[in-house]
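Read through the structure below, which is laid out as structure tokens, and then see the notes.
All of the numbers you see were taken from the coordinates with simple rules; none came from a lab. For clarity, every value in this text was computed on a predicted model and none was experimentally measured. Cβ atoms come from the backbone with ideal geometry, glycine included; neighbour counts cover every protein chain shown.
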Amino acid sequence: MPDMEDSYARTLWTVIEPVHVVTYFSPECVQAYKDVGLKGYWMGYFGSRAAPMGPVSPAVVESTFYGFHPKLVRRAIPDAWKYASTEDILAARRQSAAKVLRRIHPAVDEVAAKVNPLLAKAVEAAPGPGYTLFSANRELSTPDDPVEALWQATASLREHRGDGHIAILVSEG
């Protein structure tokens, strides 16, 4: 068995996670969620991450975000859907993520032009059954903006990994 440090999955994670994670921790993204009406960090987190599934119930978000305490989820959902539409949340997350990526890596447009076709193939090839957040993200239209498309592809792949974590947690009880 390969060492975790040398594994393909680990290498892929070190490349994709920093691109995807800007949406949860950068000030621009946190502010974008507030600007569309979401209240507080956790409503922005759960609302933005669950938005690809549409305005689903708290039970669906609890199930999908199994690693979080249900009370934490229920403080944010379903109220998030009262304050902002999922369409507005999705636009805020991809636009603010692209803004951050352009700030932290000025050449990201050139990078996106090179890697987007490869990421699109990876997203298309990944299995969907049992991968709820991945499948919801994969079903979203590919943005015209190349950096938004880069972020969306990495979000899809990151959620594939996250859905796998949930499957392991459930199988292990």
| query | Full extension from Glu172 to Glu139: what is 0.36 nm times the residue separation minus their Cα-Cα distance, to one decimal in nm? | reply | 9.0 nm
| remark: Treating every alpha carbon of the chain as one equal point scatterer without solvent, the Debye formula yields log10 I(q)/I(0) values at q = 0.13, 0.17 Å⁻¹ of -0.64, -1.09
| Under 29 Å from the Cα of Lys34, which lysines turn up, not counting those fewer than eight places away in the same chain? | Lys71, Lys82, Lys99
| query | How much length is gained if the chain between Arg10 and Tyr83 is pulled fully straight, taking 0.36 nm per residue apart and subtracting their Cα-Cα distance, in nm to one decimal? | reply | 22.5 nm
| Selection from Thr86, Gly67, Val108 lying farthest towards where the dipole of the stretch 64-145 points positive, charges on Cβ | Gly67
| What is the extension gain from Ala91 to Phe25, computed as 0.36 nm multiplied by their sequence separation minus the C-alpha to C-alpha distance, in nm to one decimal? | 22.1 nm
| Helical contribution to [θ] at 222 nm, DSSP H n ≥ 4, -39,500 (n - 2.57), averaged over the chain, rounded to 500 | -22500 deg cm²/dmol
| task | Can you list which of the GluC sites (Glu not before Pro) found in the stretch 77-173 are DSSP loop residues with at most 10 other C-beta atoms within 10 Å? | result | none
| remark: Calc'd 3J(HN,Hα), the stretch 93-108, phi into Karplus 6.51 cos²θ - 1.76 cosθ + 1.60 (θ = phi - 60°), Hz, glycine/Pro = x, comes to 5, 6, 5, 5, 4, 4, 4, 5, 4, 5, 5, 7, 9, x, 8, 5
| field | Kirkwood hydrodynamic radius over Cα pairs of the stretch 1-97, then Stokes diffusion coefficient at 10 °C and 1.306 mPa s, in µm²/s | value | 112
